[in-house]
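Single-structure report; data block below.
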Amino acid sequence: ARDKRVDMMARLAPFDSHVWGDPGWKAVERSGVSYRGRAAHGDELTKIYSAARVQIDIGRIYQSDIITKRVFGVLACGGFLLAEHSEALESCFEIGLELESWRTPEELEDKVAYYLEHSAEREAIAQRGLNAVRDRHRMRQRVKRIVGSIRG
C-alpha cells in the first residue's frame with residue numbers, strides 16, 4: 001500500500017509536488033518531491049487544502065471501497081481534488097463536475113498537467129465541489145444517510 005502511494009507521488013515530481021504526512025513519505029524526496037512533514041489538523045490543514053492548485057488523493061489498496069476523509073476535507077476547503085477513481089466516489093460526487101478522478105498512473109499525470117494549465121476549469125470544478133459538500137455532505141446529512149441505510 002505504501003509503495004503504491006509513494007510511486008504515484010514520485011511520478012508527479014516534475015510538477016513541483018509537495019507532500020505532507022508521516023515520516024514514511026520521506027521516501028519521495030529521492031524522486032524530487034518535497035516532503036513537508038506532518039500537517040497539523042485545523043488551520044494548517046485547511047491552508048494546505050485550499051492553497052494547492054491540485055490536491056491528489058491516492059487510495060490505499062486495502063480501502064478501495066471507501067471515500068477518504070481527505071476527499072470531503074479538500075472539497076470543504078474549496079480545493080480542487082484529483083482522486084483515485086472508485087464506485088464509492090462516483091456514488092457521492094459527479095466526476096468531472098465536482099471533482100476529478102484518475103484510474104491509471106498515466107491518466108493521473110495527464111490530468112495534473114491539464115488542470116495546472118486550465119485554471120478557470122479547475123476553479124469551476126473546485127467551486128462545484130465546495131457546493132456539493134455544503135449541499136449534500138455535511139456531517140448531519142452523512143449521519144442521517146448512514147442511519148437510514150442501517151434501518152433499511
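Brief remarks follow.
- So Leu108, is it touching a Leu at 6+ places or on another chain (Cβ under 9 Å), over 17 Å from Asp7 (Cα atoms) and touching a residue at least 12 places away in the same chain (Cβ under 8 Å): no
- Checked against (1) touching a residue at least 60 places away in the same chain (Cβ under 8 Å); (2) surrounded by 14 or more Cβ atoms within 10 Å (Cβ to Cβ), Ser119 passes all but condition (2).
- Verdict on Ser101 being in contact (Cβ under 8 Å) with a residue 12 or more places away in the chain and touching a His at 6+ places or on another chain (Cβ under 6 Å): yes
- When we screen Arg60, Arg38, Arg53 for residues that are at pLDDT 95 or above and open to solvent by 30 Å² or more (accessible area, probe 1.4 Å), the only hit is Arg53.
- Residue satisfying all of: in region 77-107; closer than 14 Å to Ala52 by Cα and small (Gly, Ala, Ser); least open to solvent (accessible area, probe 1.4 Å) among these: Gly79
- Qualifying residue in region 17-34 (condition: at pLDDT 90 or above, under 21 Å from Phe80 (Cα atoms) and open to solvent by 90 Å² or more (accessible area, probe 1.4 Å)): no
- Here Asp110 does not fit the description of being of a type in the set (D, E, K, R) and either modelled with pLDDT under 95 or open to solvent by less than 50 Å² (accessible area, probe 1.4 Å) (or both).
- Tabulated pairs, region 3-28, first without any contact (Cβ under 8 Å) to a residue 12 or more places away in the chain, second surrounded by 14 or more Cβ atoms within 10 Å (Cβ to Cβ) and assigned to a helix (DSSP H, G or I), C-beta under 9 angstrom, 6+ apart or interchain: Asp3/Ala27
- Enumeration of residues in region 99-152 that are among the acidic types (Asp, Glu) and closer than 17 Å to Val71 by Cβ: Glu100, Asp135
The values are calculated or read from the model by the stated rules, or taken from the named source; none is laboratory data. All values reported here derive from a predicted model rather than from experimental measurement. Cβ coordinates were reconstructed from backbone atoms using ideal geometry, including for glycine residues, and neighbour counts include every protein chain displayed. Keep in mind that these areas ignore ligands, DNA and RNA; they rest on the heavy atoms of the full protein, side chains included. Shrake-Rupley method; radii C 1.70, N 1.55, O 1.52, S 1.80 Å.
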